[in-house]
Amino acid sequence: MILQNRTITVNENDGLPLPKHYWAILATALGVGMSVIDGTIANVALPTIARDLGTSPSVTIWVVNAYQLAITISLLSFSSLGDIFGYRKIYLAGIALFSITSGICALADSFWMLTVARILQGFGAAAITSVNTALLRIIYPKRFIGRGMGINALVVAVSIAAGPTIASIILSLGSWHWLFAINIPIGIAALVIGLMFLPFNPVKVTGRRFDKLSCLMNAFTFGLLIFSLEGIAHKENTTMIIAGIVALLVIGYFFIRRQLKQQFPLLPVDLMRIPIFSMSIGTSICSFTGQMLAMISPLLPARYIRV
């Protein structure tokens, strides 16, 4: 480890020395925990937000959807930017954007202002989560990387579970605006600690450029996927749903074709040819799907029970 002009460089195999190691872990935990909690914390407040802003519940759900959609369409793009410009820069930029937009959400006095702020907040969360695992690889010694992944998974799991409880406590003490205002001091703490202790990672490939066309195709592909699923779930106009699915298939096809030809693909589809990798991805998808369904399953019977 060399410390010059407050710039921390690190041997990726050795990780950071103590106690900088613990501070760097705290910086990543604060950022990831904050972004994950914000994905669930607004759900509890939707009826209150709908009443205060004068919107219907079906419209207000976009306060949540906008955040999730922004993360989905930009996650791979921010990951690519991390490879090009360094994980530390993208992570800290994400923390800064997330904190600023949290303040805008807290000050929002209209549905559209809140929704636009949530979209920008989602981009900040995508920047945080897209490079978080990559940062762990250079924070932890190589022999302890599994431990780091486990701690990170624990932070995510606790944040998901704690989101509704935290929201309920805040709403019992104040207005829904505090759900977002509480992010500001946490974000500032994560930013300051990150600036001081997160290591710079060496950019291994020089001259690599960001693939803007792949970024757009990725956004449209995953955006149309979410749009189509939302349309089916809410029984929207059939023509629009069919048009969205057709556009999804066309853009998705050319997106995958382009990725197979790129030296540094945004979505490395060719990795799916490795059996152990494809099996791991499939297992992960099934695991997360099962976990999310388990969280909402207690709510389903109430929709169909008539008294």
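Worth a mention:
- Tally, over the stretch 215-242, of residues that are of a type in the set (A, V, I, L, M) and either part of a loop (DSSP other than H, G, I, E, B) or open to solvent by 50 Å² or more (accessible area, probe 1.4 Å) (or both): 8
- Cross-chain or 6+ apart pairs with Cβ under 9 Å, the stretch 265-288 first and closer than 22 Å to LEU81 by Cβ, then open to solvent by 80 Å² or more (accessible area, probe 1.4 Å) and not β-branched (Val, Ile, Thr): VAL269/LEU260; ASP270/LEU260
- Of the set (1) open to solvent by less than 30 Å² (accessible area, probe 1.4 Å); (2) closer than 20 Å to ILE95 by Cα, all apply to HIS177 but (1).
- Filter result for the condition that a residue is farther than 19 Å from ILE184 by Cα and touching a residue at least 60 places away in the same chain (Cβ under 8 Å), over ILE166, ILE71, ILE151, ILE145: ILE151
- Within the stretch 112-144, tally of residues that are over 14 Å from the mean Cα position of the chain (by Cα) and farther than 18 Å from LEU26 by Cβ: 8
- Once the stretch 199-214 is narrowed to residues that are open to solvent by 90 Å² or more (accessible area, probe 1.4 Å) and within 30 Å of PRO17 (Cα to Cα), the residue that is modelled with the lowest pLDDT is LYS204.
- Counting residues in the stretch 261-274 that are at pLDDT 85 or above and not in a loop (DSSP other than H, G, I, E, B) gives one or more.
- The helices (runs of 4 or more DSSP H) found wholly in the stretch 34-95 and carrying at least 1 residues that are under 13 Å from the mean Cα position of the chain (by Cα) occupy 62-85.
- Scanning the stretch 81-103 for residues that are open to solvent by 10 Å² or more (accessible area, probe 1.4 Å) and touching a residue at least 60 places away in the same chain (Cβ under 8 Å) gives LEU81, ASP83, ILE84, PHE85, TYR87, ARG88, LEU92, ALA96, SER99, GLY103.
- Count of residues meeting criterion [open to solvent by 60 Å² or more (accessible area, probe 1.4 Å) and aliphatic (A, V, I, L, M)] in the stretch 150-174: 6
The values are calculated or read from the model by the stated rules, or taken from the named source; none is laboratory data. As the structure is a computational prediction, the values presented were derived from the model and not from experiment. Cβ: placed from backbone, ideal geometry, glycine included. Neighbour counts: every protein chain shown. Please note that ligands, DNA and RNA were not included when accessible areas were found on the heavy atoms of the full protein model with its side chains. Shrake-Rupley method; radii C 1.70, N 1.55, O 1.52, S 1.80 Å.
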